[in-house]
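Have a look at the structure below before the remarks.
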Amino acid sequence: MPVSMQKRRQYIGSHHSSRDARRPRTNEQIATAEVLLVTDEGSRKVSLAEAIAQAREAELDLIEIAGKVNPPVVKIGDIGQYLYQQQKKERKQKSGSKQTEVKMLRFGFRTDQHDLDRLVDRAKEFLTERHLVKFVVRLRGRELGNKSFAVDKLKGVVAALQEDAEVEQEMRMQGNNFVVVLRARK
């Protein structure tokens, strides 16, 4: 049985986007009898009607700062400017907390020393950028019979990076690979 357009419209309209959820309530959207009005002089409890009247008198909005406390905390200001300041604060926090990535460097069982040196240099670059470095030694076919050689190669790489890095995750076997994760020394 098809859903009528009326119901469908109600259902679509009832969803709020995440942007609306983050937006603070203003003026008549605030549903409480009493609020804590914060101004330059301090804060005081007033009725919602009185706070809205003061905001209208100043030709500004009444913005809810903290709605989960009792009574809700509000201030008088321009909603556009308030949202802009909030976005600026969020961007600054994001820029300050850089995500550390795990950079993976793979090499094979028969990789020559010169190529290993190049991988060590690349790992040093990643470590200076404060990333984690994951070394993987692939073993294929008959190479699986000589695991100790692969472990020695991986230990050699870890030893070459001993001054710059410390082991985050011990050397272990994952499938047909030997894996070790290094992190930059503090």
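Might you let me know whether the range 138-148 holds any residue that is under 20 Å from Val102 (Cβ atoms) and touching a strand residue (DSSP E or B) at 6+ places or on another chain (Cβ under 7 Å)?
yes
Every residue, every condition in (1) surrounded by 15 or more Cβ atoms within 10 Å (Cβ to Cβ); (2) in contact with a Leu (Cβ under 7 Å, 6 or more places away or on another chain); (3) without any contact (Cβ under 8 Å) to a residue 40 or more places away in the chain, yes or no:
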residue: Arg122; (1), (2), (3): no, yes, yes
residue: Ser148; (1), (2), (3): no, no, yes
residue: Leu154; (1), (2), (3): yes, no, yes
residue: Leu161; (1), (2), (3): yes, yes, no
residue: Asp164; (1), (2), (3): yes, yes, no
residue: Gln169; (1), (2), (3): no, no, yes
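For the range 115-136, which positions are of a type in the set (Lys, Arg) and more than 27 Å from the chain's Cα centre (by Cα)?
Within the range 115-136, Arg118 is the sole residue that qualifies.
Hey, which of the strands (runs of 3 or more DSSP E) in the range 69-186, taking only ones fully inside, have at least 2 residues that are under 30 Å from Ala31 (Cα atoms)?
73-77
State the number of residues belonging to the range 54-89 that are free of Cβ contacts under 8 Å to residues at least 12 places away in the same chain and buried (at least 18 other Cβ atoms within 10 Å of the Cβ).
Within the range 54-89, residues that are free of Cβ contacts under 8 Å to residues at least 12 places away in the same chain and buried (at least 18 other Cβ atoms within 10 Å of the Cβ) number 0.
Throughout, read-outs are computed from the coordinates displayed, never taken from laboratory work. For clarity, every value in this text was computed on a predicted model and none was experimentally measured. Ideal geometry is used to build each Cβ from the backbone, glycine not excepted, and the neighbour counts take in all protein chains shown.
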